[in-house]
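The values are calculated or read from the model by the stated rules, or taken from the named source; none is laboratory data. Remember, it's a predicted structure, so these values are computed and weren't measured experimentally. Positions of Cβ are backbone-derived with ideal geometry, glycine not excepted, and every protein chain shown enters the neighbour counts.
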Amino acid sequence: MKNLSFPGLPRVLIVDDEDGVREGLRTMLQHEGLHVETAGTAEEGARRTAQRSFDVVFLDLNLPGADGLSMLADMRRGTPPADVVILTGYGTVANTVEAMRKGAADVIEKPFASDRILSVVRRVLETRQLKNELTWLQDRVRELTATELVGLSPAIRDVQTRIDQVAHAPDTTVLITGQSGTGKELVARCVHERSTRRHGPFVAINCAALTEALLEAELFGYEPGAFTGAAREGKDGLFAVAAGGTLFLDEIGEMEPNLQAKLLRVLQERTFRRVGGVQDVPADVRIVTSTNRDLRQMVASGRFREDLFYRLNVMTVHVPPLRERAADIPLLSHFFLDQIGRQMGKALSGFTEEAMETLCEYSWPGNVRELRNAIEHACIVCPSGMIDEIHLPKFTGGTPDGSDRIDRTSVVLEGEDRSIRALESQLVAKVLEDTHWNISRAAAILGINRTTLYNKIRVYELGKRPLRAKVTV
């Protein structure tokens, strides 16, 4: 129908035992530009809906040997289910109510006018189009959420700037560096999503996960009989699968030298050959690679090709470790809490001050991946409400790493009180001051746990730690 944008022609099935009804509807709807099929029996209608999906099904209420209402559920088993319009020569209020209750889109009495049919079909197809658009928008929101770099720190802003810069060059090779768990694949997806290649596929492969032979076959594909065990019809590789989009080669530093040479040829010639093939195939992909290794050092030691390194290192994006963007920990924590809490169906409202302090003070050697795992652990353990320190994994307790040097000068007792209580009060205050109120480090220096330290702060009325900048989520 005019002004309707469907992926292909809308498909209509007419199930009616009257030849005149079937052919009349077919002619009318084909004239409107719809793909129409017909069935004269219930069995044939069921067979057709089992073979393919339809957008609209016109179903006669009184078929020989079958009741249209009993078939209605079977006619709506597709994904998405078809909209079923009941045709009946014996229209009653009871039949109409029952049909609508079972999921019919409408009920039309025979004889019917063409305007009535076309009005129902247009309404049904417009509704389906809106649902399709809503589904697409929801999918896009999920994709964008999945490819969102969360953070406001200067370090992550630099990464976002680099991504925006390279997004305007859809064929430029990108090398992403950083420690494990920092989110290198997420950065690669951001590069893809913000470029003109976003309508093409994003295909990722871990170069360290496969042997050299298997990785070559996966990347380039192979001809029939190219090697023992090869599929009889051959197979397309990821360079072909990712055509028009982005191919992400994770852990590129683990690629064997022979395969490095073949990848270099692809980057130089923009073509590749399937394993066992002799024909060059165009490689219409952007190559994005990542590594947690020092490729310059690997080049110097002869473990990585120098010419390939310079081909890959056109645009570098370095993803900082989480300890270098600690200001983003509250924002990331709330982001993961909202995401995981909704997945688990839990009403989790946030973090207590103690829990957030623990998260911010831990060094996170596993980076963002470790932080997300810690929040997931807390979501599982916490029944509802706010996540407290006790809900976090034990490893987040924090340990001194030598980065904060404590002032070793003596504690000078003030006033006339020379009691142990006064000495302890001033000692606790001194350590808190020297550690900038890092509760975990102060507790470790004093040889007590965090709970005991909080109690002493309250008993000695030492006040509260300096306020953190508030995070809006």
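Observations
- Filtered residue count, the stretch 287-304, keeping only those that are under 26 Å from F202 (Cα atoms) and either free of Cβ contacts under 8 Å to residues at least 12 places away in the same chain or part of a helix (DSSP H, G or I) (or both): 2
- Flag if D284 is buried (at least 18 other Cβ atoms within 10 Å of the Cβ), touching a residue at least 12 places away in the same chain (Cβ under 8 Å) and of a type in the set (D, E, K, R): no
- Of all residues in the stretch 267-307, those being at pLDDT below 95, hydrophobic (A, V, I, L, M, F, W, C) and under 18 Å from E212 (Cβ atoms) number 2.
- Residues located in the stretch 64-101, provided they are surrounded by 12 or more Cβ atoms within 10 Å (Cβ to Cβ) and among the acidic types (D, E): D74, D83, E98
- Segments classed as helices (runs of 4 or more DSSP H), wholly inside the stretch 128-240, with at least 3 members that are at pLDDT below 85 and surrounded by 13 or more Cβ atoms within 10 Å (Cβ to Cβ): none
- For the stretch 41-61, residues that are among the polar types (S, T, N, Q), loosely packed, with under 15 Cβ neighbours inside 10 Å and either touching a residue at least 12 places away in the same chain (Cβ under 8 Å) or under 22 Å from Q129 (Cα atoms) (or both) total 1.
- Among residues of the stretch 358-404, those that are in contact with a helix residue (DSSP H, G or I) (Cβ under 8 Å, 6 or more places away or on another chain), of a type in the set (D, E, K, R) and at pLDDT below 85, counted: 2
- Hey, T38 hydroxyl-bearing (S, T, Y), touching a helix residue (DSSP H, G or I) at 6+ places or on another chain (Cβ under 9 Å) and either in the same structural domain as T127 (by TED's automatic domain parsing) or crowded, with 16+ Cβ neighbours inside 10 Å (or both) or not: yes
- Evaluation of G234 against (1) more than 26 Å from P170 (Cβ to Cβ); (2) touching a residue at least 60 places away in the same chain (Cβ under 8 Å) (one fails), failing number: (2)
- Residue within the stretch 81-90 that is touching a helix residue (DSSP H, G or I) at 6+ places or on another chain (Cβ under 7 Å), on the phi < 0 side of the Ramachandran plot and charged (D, E, K, R) present: yes
- Meets criteria (surrounded by fewer than 16 Cβ atoms within 10 Å (Cβ to Cβ), closer than 30 Å to E361 by Cα and within 26 Å of the chain's Cα centre (by Cα)) for R293: yes
- Some residue of the stretch 305-321 being of a type in the set (A, V, I, L, M, F, W, C) and under 22 Å from A443 (Cα atoms): no
- Within the stretch 158-183, residues that are outside the structural domain of G366 (by TED's automatic domain parsing) and at positive phi have Cβ atoms under 7 Å from residues that are part of a strand (DSSP E or B) and at pLDDT 95 or above in these pairs: G178/H318, counting only partners at least 6 apart in sequence or on another chain.
- Given (1) farther than 24 Å from H192 by Cα; (2) surrounded by 15 or more Cβ atoms within 10 Å (Cβ to Cβ), number of the condition S301 does not satisfy: (2)
- Among the residues of this structure, M344 does not count as one that is in contact with a Phe, Trp or Tyr (Cβ under 6 Å, 6 or more places away or on another chain), surrounded by fewer than 20 Cβ atoms within 10 Å (Cβ to Cβ) and in contact (Cβ under 8 Å) with a residue 24 or more places away in the chain.
- Test: residue in the stretch 253-264 that is surrounded by 14 or more Cβ atoms within 10 Å (Cβ to Cβ), in contact (Cβ under 8 Å) with a residue 60 or more places away in the chain, under 17 Å from L215 (Cα atoms) and not small (G, A, S): no
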